[in-house]
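Structure first, commentary second.
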Amino acid sequence: MARFVDIHPVDPQPRLVAQVADILRDGGLAALPTDACYTLAARLGDPEARRRIIEIRHLDERHHFTLLCADFAQLGHVVHLDNAVFRAVKAATPGCYTFILPATPEVPRRLLHPKKRTVGVRMPDHRICQALLAQMGEPLLTSTLLLPGEEEPMTFGWEVKERLDHALDVVVDGDVTGCEPTTVVDLSQGYAEIVREGAGDPAPFR
């Protein structure tokens with residue numbers, strides 16, 4: 001049974017944020033509200049968490065996982081950024097964008113696209129996510145909480161708790177979350193290719 005933690009969306013309580021971080025450090029799988037929609041989240045280096053996410057979402061091996069980062073310091077540890085890409089990402093973050101970029105050796109191979117050796121990264125504009133990333137001190141492995149056969153992700157904490165109580169360790173309810181996934185932009189080839197249009201305005205990358 002998943003623990004349900006109600007965190008203030010504007011002024012997250014440090015005590016509650018620390019409790020969620022402890023669950024993640026112990027190998028737990030969380031559902032977090034973001035500026036886009038709910039996401040599944042776990043520690044980057046936890047292979048069991050990856051398996052659980054794949055099982056919940058029925059993903060294949062080509063799925064691009066997303067690394068949730070607090071800032072460019074974390075981003076630079078997990079993906080390669082040249083000057084042009086840095087400027088493009090900086091202009092759109094924090095926000096509802098996921099960028100696909102070549103991964104550094106810091107990222108476990110199991111998280112990479114098997115052929116392209118790329119990974120998704122994003123910096124959320126959401127206080128709870130930012131507080132949790134600061135508490136963890138490292139990026140989080142995430143994947144949009146979109147269940148098999150469904151076209152829209154879940155947007156309410158109580159709904160996530162009700163439907164995935166058996167599959168998660170903690171559900172964070174932050175009252176405020178987006179209602180659609182991020183816009184995904186592939187920058188791995190040196191130019192922008194919009195892979196998915198979502199909550200972020202795709203216009204700057206056309």
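If you scan region 99-126, which residues turn out to be in contact with a Lys or Arg (Cβ under 9 Å, 6 or more places away or on another chain) and among the small types (Gly, Ala, Ser)?
103
Inside region 110-130, can you point out the residues that are buried (at least 24 other Cβ atoms within 10 Å of the Cβ) and assigned to a strand (DSSP E or B)?
Across region 110-130, the qualifying residues are 119, 120, 121, 122.
Of the residues 134, 167, which single one is under 21 Å from residue 58 (Cβ atoms), surrounded by fewer than 19 Cβ atoms within 10 Å (Cβ to Cβ) and at pLDDT 95 or above? Let's see the steps before the verdict.
Values: 134 fails: under 21 Å from residue 58 (Cβ atoms).
The unique qualifying residue is 167.
Any idea which of (1) part of a helix (DSSP H, G or I); (2) under 16 Å from the mean Cα position of the chain (by Cα) is the one residue 86 doesn't satisfy?
Only one criterion in (1) part of a helix (DSSP H, G or I); (2) under 16 Å from the mean Cα position of the chain (by Cα) is unmet by residue 86, namely (2).
Among residues belonging to region 86-109 that are touching an Asp or Glu at 6+ places or on another chain (Cβ under 6 Å) and under 30 Å from residue 14 (Cβ atoms), point out the one that is surrounded by the fewest Cβ atoms within 10 Å (Cβ to Cβ).
Step by step, filter region 86-109, then rank; the result is 94.
Looking at region 118-160 only, could you name the residues that are under 30 Å from residue 105 (Cβ atoms) and aromatic (Phe, Trp, Tyr)?
Of everything in region 118-160, nothing turns out to be under 30 Å from residue 105 (Cβ atoms) and aromatic (Phe, Trp, Tyr).
Of the residues 62, 51, which single one is surrounded by fewer than 16 Cβ atoms within 10 Å (Cβ to Cβ) and part of a helix (DSSP H, G or I)?
Details: 62 fails: part of a helix (DSSP H, G or I).
Among 62, 51, only 51 is surrounded by fewer than 16 Cβ atoms within 10 Å (Cβ to Cβ) and part of a helix (DSSP H, G or I).
Counting only residues that are in contact with a Ser or Thr (Cβ under 7 Å, 6 or more places away or on another chain) and in a loop (DSSP other than H, G, I, E, B), which one in region 65-83 is modelled with the highest pLDDT?
Here the residue is 80.
Starting from region 47-58, take each residue that is within 20 Å of residue 107 (Cβ to Cβ) and list its partners that are buried (at least 19 other Cβ atoms within 10 Å of the Cβ), counting only C-beta distances under 6 angstrom and pairs at least six apart or across chains.
49/29; 49/42; 52/29; 53/40; 53/143
I'd like to check something: does region 142-158 contain any residue that is in contact with an Asp or Glu (Cβ under 8 Å, 6 or more places away or on another chain) and small (Gly, Ala, Ser)?
yes
The values are calculated or read from the model by the stated rules, or taken from the named source; none is laboratory data. Every value quoted in this text rests on a predicted model; they were computed, and no experiment measured them. Neighbour counts are summed over all protein chains in view; Cβ atoms, including those assigned to glycine, are modelled from backbone coordinates with ideal geometry.
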